[in-house]
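Please treat every number below as a calculation from the coordinates, not as lab data. Keep in mind that what you see is a predicted model, and the values were worked out from it rather than measured. We place every Cβ from the backbone using ideal geometry, glycine too, and count neighbours over all the protein chains shown.
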Amino acid sequence: MLFLAVFCSFLAENQREHYIEHQREKEYINTMLEDLKSDTTFLNLTIGQWSFVNSSIDSVADAIQLPALNSDLKKIYRHLNNALNYWSFRFNDRTISQLKNSGNFRLIRNKAVANKIIDYDRLNTNEMVIIEAQRNNFYEQLTDKRNRIFDQQLIYTIRNRYDVNPVPVSENNTIDSMLQKSKIPLSEQAQTNLLFEFRNSLLAYRTDYRNLEWVYESIRQMINELMLLIQKEYHLQ
């Protein structure tokens with residue numbers, strides 16, 4: 001009888017632990033779904049901002065004509081701040097970090113879902129990091145050339161006035177007035193050479209966005225697949 005009582009107690013305790021783990025699994029899955037929904041919103045915002053950046057890059061590149069005297073400096077300064085804005089997508093790792101740090105990945109009993117979550121984490125912490133590091137290298141080269149050819153006080157004044165909003169053409173006279181006061185100690189030939197280097201770096205930076213587009217599209221696709229899989233396997237909306 002004593003053995004039977006101990007055995008029954010063990011079964012009850014084991015059942016209780018299974019119930020608790022099942023409830024924790026459901027909590028993790030629900031918060032994972034919330035994280036993916038927030039990732040979708042932030043990813044769409046980031047892609048939209050990069051579209052604006054790339055449009056500004058095209059405007060600056062078009063305004064640079066060689067020799068330097070042929071360049072439309074007013075147009076360049078109108079678009080320069082936005083052309084060098086930097087946007088970065090960071091996935092919401094709240095649930096994934098909890099699962100990894102607490103060793104609770106074992107609670108996700110559906111192996112297809114668990115493997116997909118791991119793949120999603122790997123994409124964001126490996127491929128995304130590598131591509132962003134490469135892009136940061138392009139960006140650092142570009143800003144170095146910007147600092148050698150353009151008047152930072154003028155750039156700062158425009159940024160302070162418009163932040164990330166488009167600078168209207170109506171500001172041309174104001175920018176022209178500031179340009180008249182700007183004294184960049186460079187010869188015309190030196191300006192032409194630096195503008196050529198800057199435009200090349202700018203266009204290389206623009207071209208490199210294709211790598212970022214690839215990883216963003218991969219993230220978008222994986223989010224959709226993971227959300228659908230979770231909703232199907234756990235009967236969630």
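At a glance:
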| item | result |
| --- | --- |
| Answer label, with semi-axes √(5λ) of the Cα gyration tensor in Å calculated from the coordinates and candidates (i) 33, 21, 18; (ii) 35, 24, 16; (iii) 56, 16, 14 | (iii) |
| At R0 = 30 Å, FRET efficiency that the Cβ-Cβ distance of residue 44 and residue 156 yields, to 0.05 | 0.45 |
| Distance (nanometres) between label positions extended 7 Å along Cα→Cβ at residue 93 and residue 118 | 1.7 |
| Within-11-Å neighbourhood charge of residue 65 [Cβ basis; K, R +1; D, E -1] | 0 |
| Residue-span extension gain [residue 232 to residue 214] - 0.36 nm each, minus C-alpha spacing | 3.8 nm |
| Mean Cβ neighbour count within 10 Å, used as a protection proxy, ranking 126-139, 77-90 highest first | 77-90, 126-139 |
